[in-house]
Amino acid sequence: MSKTIIISNRLPLQINIENDNLEVTPSVGGLATGLKSFHKEGDSIWIGWSGMPEEEIPEHLIEDVKIKAREEDCVAVNLTNDEIDGFYYGFSNRTVWPLFHYFMEYTESDDWYWETYKRVNQKYAEEVLKHYEEGDHIWVHDYQLLLVPNMIREHAPEAIIGFFNHIPFPSYEVFRTLPWREEVLEGVLGADLIGFHTYDYERHFLSSVSRILRHQVDFNEITLPDRIVKVDSFPMGIDYDKFEKAALNHFENTAEDKSELQRRLDHHLKATPDAKLILSLDRLDYTKGIANRLRAFEFFLDKYPEFIEKVRLVMLAVPSRSNVPQYQRLKREIDELVGRINGKFSTVSWTPIWYFYRSMPFENLIDLYTSCDIALLTPIRDGMNLVAKEYVATRTDHTGVLILSEMAGAAHEMNEAILINPNNFDQMAKALKQAFEMPREEQIERNKMLQKRLKRYSVEKWAQDFMKALRNTEDNRQAFEAS
Ligand code: ADP
Ligand code: G6P
């Protein structure tokens with residue numbers, strides 16, 4: 001029977017070694033949390049990195065790592081420290097990530113990063129080929145593996161390969177600055193179907209293919225000498241039922257079941273019943289606009305001092321890619337901003353910002369989603385932003401206001417949110433005031449419309465649509481060969 005082979009840089013599980021024992025935690029990030037549900041349901045294996053450098057896995061635990069991964073239908077690819085430096089911290093996160101998010105000033109062009117990226121992409125492709133059997137569907141994910149589709153195709157010309165990009169694809173004018181632009185496009189074009197979150201990213205990609213490689217592009221089809229490649233947009237959804245169920249269960253918790261965090265949140269609500277909680281939740285990443293968000297919050301308190309002691313920003317920043325200098329600088333900037341704002345506005349009984357710099361278990365995410373009256377998500381650029389969708393899905397009484405950056409892919413499907421430009425502090429301050437004062441009926445009306453859409457376009461539907469379109473490419477191929 002044919003199976004689906006999923007390949008992404010990171011597996012949905014992160015394996016660590018604590019006191020000579022293997023410890024498994026879930027990976028953070030939209031790709032892992034979203035795809036996990038699809039992987040659990042179907043007949044698929046998932047190939048990716050365990051998150052640990054090969055050198056840190058003791059000889060006697062190598063087999064255990066493989067077993068742990070296999071228990072979850074995963075295959076762990078080992079990366080050496082050198083590979084992690086050049087491929088992951090280097091080309092993936094100092095070249096492609098900033099460039100594709102329009103942070104051109106952060107983009108580095110380094111031959112060694114590029115060479116390592118190629119080598120590691122080859123390693124992933126070889127691992128796929130070890131597991132591939134004719135008839136299988138191969139689904140490659142994200143910007144770390146742009147060359148993998150063509151590397152697989154070279155050895156398995158008949159393979160059915162899909163590629164999905166979870167981050168934005170930049171406009172041609174930005175993409176063309178990449179020194180290896182031809183190789184990158186040719187790498188992705190090894191796939192039969194290429195998917196993006198939004199129509200804009202799809203158009204940007206097609207424009208680059210037509211202008212850089214000069215291939216014929218008709219609407220959303222690219223004609224290569226031997227094949228047709230289809231390009232389309234598939235906005236990724238969330239596992240709606242999982243979030244709704246988790247929120248419903250959360251409200252059934254007895255006092256003893258409650259987490260420490262929930263107790264603190266309850267205490268806040270009891271002590272200041274007319275005060276509101278604003279949620280800020282992301283990986284600590286410069287694309288997420290966290291520093292702008294803090295400045296906008298400060299601007300809001302300056303402009304509307306009547307909200308002093310009436311709001312609190314609960315900010316969770318999950319550590320991410322901390323070897324990259326921009327992430328280190330951002331961490332310092334955020335620490336300073338939080339310190340300054342708390343110093344400036346705190347009263348004896350109130351601090352405006354609660355700041356957590358750590359990862360939290362799923363239960364705590366649900367505590368935050370269900371307890372916060374407003375979610376303030378202000379990325380400068382974001383491929384999708386699943387946090388926005390998760391927040392809406394957990395609001396089982398339909399209250400709560402989402403303030404969302406128009407620069408997030410999710411904004412295209414979430415018109416009932418208050419959409420803002422993350423560079424406009426005044427607009428963000430006004431949005432906060434509007435959210436604070438929004439009548440309950442209006443909150444419910446907006447939330448219901450958002451939930452309806454999220455329920456319909458769940459992650460399951462997303463994966464089904466992609467796989468269906470991938471299977472359809474087989475028919476296209478037969479038609480092309482016959483012509
Ligand atoms: P990105 O993929 O850029 O990190 P998204 O908003 O699309 O941004 O996805 C983030 C995902 O990571 C969400 O599914 C969210 O639930 C998950 N997540 C965020 N913070 C945590 C955390 N502290 N612990 C576990 N998962 C988290
Ligand atoms: C985004 C990317 C994913 C990545 C995740 C977490 O969602 O699209 O590919 O896995 O961020 O980043 P990390 O570098 O920790 O894998």
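A few comments on the model shown:
- Using alpha-carbon coordinates, inclination of helix 62-71 to the longest axis of the chain, degrees: 80 degrees
- Distance between the range 385-437 and the range 151-166 - C-alpha centres, whole angstrom: 37 Å
- Gyration tensor (alpha-carbon) shape descriptor, the range 316-413, a/c threshold 1.5: oblate
- Projected label points at Asp302 and Gln464, each 7 Å from Cα along the beta carbon direction, are separated by 5.1 nanometres.
- Within the range 137-172, backbone nitrogen closer than 15 Å to the virtual label 7 Å beyond the Cα of Asp43 toward Cβ: 137-138
- Those lysines that a straight Cα-Cα span of less than 24 Å connects to Lys448, excepting residues fewer than 8 apart in one chain: Lys242, Lys245, Lys276, Lys389, Lys430, Lys433, Lys461
- Here the gap between Lys452 and Glu56, fully extended at 0.36 nm per residue and compared with their Cα-Cα distance, gives a gain of 137.9 nm.
- Normalised by the number of residues in the range 257-357, the average gap of Cα pairs under 8 Å and 6 or more apart makes the relative contact order 33 percent.
- Between Ser349 and Ser2, the modelled labels are 6.7 nm apart [label points 7 Å from Cα along Cα→Cβ].
- Three-way shape label, the chain, alpha-carbon gyration tensor, a/c 1.5: prolate
- Sites listed here are trypsin sites (Lys or Arg not before Pro) in the range 154-204 whose DSSP assignment is loop and whose Cβ has at most 13 other Cβ atoms within 10 Å: Arg176.
- Nearby lysines by direct alpha-carbon distance to Lys68 (threshold 18 angstrom, same-chain neighbours under 8 apart not counted): Lys36, Lys40
- Sequence-separation-based contact order of the range 370-449, relative, with Cα cut under 8 Å and 6+ spacing, percent: 32 percent
- Legend: ranking of residues Leu376, Leu279 from fewest to most surrounding C-beta atoms inside 10 Å; resulting order Leu279, Leu376.
- Computed from Cα atoms, the angle from the helix 30-41 axis to the main principal axis of the chain rounds to 70 degrees.
- Inter-label distance, Asn253 to Ser210: 5.2 nm, where each label sits 7 Å from its Cα along the C-beta direction.
- Contour excess over end-to-end distance, with Cα ends at Val28 and Ile67 and 0.36 nm allotted per residue: 11.9 nm
- Summed residue charge, Cβ within 14 Å of Asn292's Cβ, Lys/Arg positive, Asp/Glu negative: -3
- The calculated 222 nm mean residue ellipticity attributable to helices in the chain amounts to -13500 deg cm²/dmol, summing -39500 (n - 2.57) over DSSP H runs of n ≥ 4 and dividing by all residues.
- Counting neighbouring Cβ atoms within 10 Å and putting the fewest first, the residues Phe163, Phe205 line up as Phe205, Phe163.
- Axis angle, to the nearest 10 degrees, between helix 240-252 and the longest C-alpha principal axis of the chain: 30 degrees.
- On the basis of the beta-carbon distance and an R0 of 30 Å, Glu406 and Asn220 show a calculated FRET efficiency of 0.80.
- With an a/c value of 1.5 or above and a/b larger than b/c for the gyration tensor axes a ≥ b ≥ c computed over the alpha-carbon atoms, the range 101-195 is described as prolate.
- Relative packing of 233-243, 360-370, 466-476, which averages over residues the other C-beta atoms within 10 Å, highest first: 233-243, 360-370, 466-476
- Neighbour-count ranking [beta-carbon atoms within 10 angstrom, fewest first] of Val231, Val401, Val348: Val348, Val231, Val401
- Fully extended contour minus Cα-Cα distance, from Ser322 to Asn423, at 0.36 nm per residue: 33.9 nm
Quick note: the coordinates plus some simple rules give every number you see, no bench work behind them. All values derive from a computational prediction rather than experimental measurement. So basically every Cβ, Gly included, is an ideal-geometry build from the backbone, and we count neighbours across all protein chains shown.
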